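Please read the structure below before turning to the comments.
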Amino acid sequence: MKQQREKNKIKELYAIILPLIIIAFSGCPIIVDEAEYERGFNDGFAQDDYYWAGFFDSYDTVNGGTIYYQGDKIPQVENPAYDAGYYDGLWFAYNDGYFVEYDYAFTIGFSEGYDCAYQADWQAFLIVDKHVEWLDGGFSDGYNDGFSEGRIFGAYDYVNRRPFDWLDAMLDYRSGTDLVMAGISTGDKGPVILYEWGTDPKTLVKSKESVEGTGRAIRFASHAKSSSAKFSPPDISYRPMIPDAQKEFQTKPANSPRYSSKPLTLTSTWLERINQYRSTIGQ
């Protein structure tokens, strides 16, 4: 009888320990206190310096090609719960900055692509224009993605004698409208899904060949960083633009780098166009 009781105790102990062993070796995080995780996340996400670090890292790709994304330098920890939340919050703040800058660049590029194609020689322009895919996930990618889509809408509006309105055209595009002009279509690099909660571009570049093989643009969204299965991160944040950020956009170039031979007719600055876009999304 005593021996049987000892066997039963061993079984009970084994039943308690086994799940813990499985969790430990499977790499699953153990978030004990959801409230602490959320408190840590909110504190980390509120760090504006990380947001603007990501924003300016993204802008530094303006000359093309270099990946300045530093989100992989932010630690990922599993416990304690507050620390896990805090570092996840920092990562999301940095990502928001990096990829909001991409979104602004897309807006600028779309407006200038639209402008360049809104002309009598639209067909000749579309034939010679080439999309550049830097794969850096930053400003230069955003500009080129926007320009490529905007040029199709500009040509369409010109041919159909629609008034020059790049913002209205971009809102149509963002709502899912696709067009084809002279055999060139929107999404010719695959469907473009604007960045939210970004995936590290440095990781994506490693799979560049497979991506190019499918013809798809690299435009992914990911929640993978979050250590908590229950916690839902906030929507991407378009934070009030600080003076240094506004300064970067207080420019009105005479030409687009994609089509330098045609002067732009746009009279608004980059900042004014960004603000026009932000007003449409309630930001």
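Bear in mind that the values in this text are calculations on the coordinates, not laboratory data. Here the structure is a predicted model, which is why all the values come from computation and not from measurement. So basically every Cβ, Gly included, is an ideal-geometry build from the backbone, and we count neighbours across all protein chains shown.
Quick look at the numbers
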{"quantity": "Shape metrics for the range 43-183, restricted to C-alpha atoms - Rg then Dmax, Å", "calculated": "18.7, 63"}
{"quantity": "Order of 107, 280 - criterion: other Cβ atoms within 10 Å of each residue's Cβ, fewest first", "calculated": "280, 107"}
{"quantity": "For the range 27-91 and the range 101-155, distance of Cα centres in Å", "calculated": "31 Å"}
{"quantity": "Projected label distance in nm at residue 237 and residue 42, using a 7 Å step from Cα toward the beta-carbon", "calculated": "1.2 nm"}
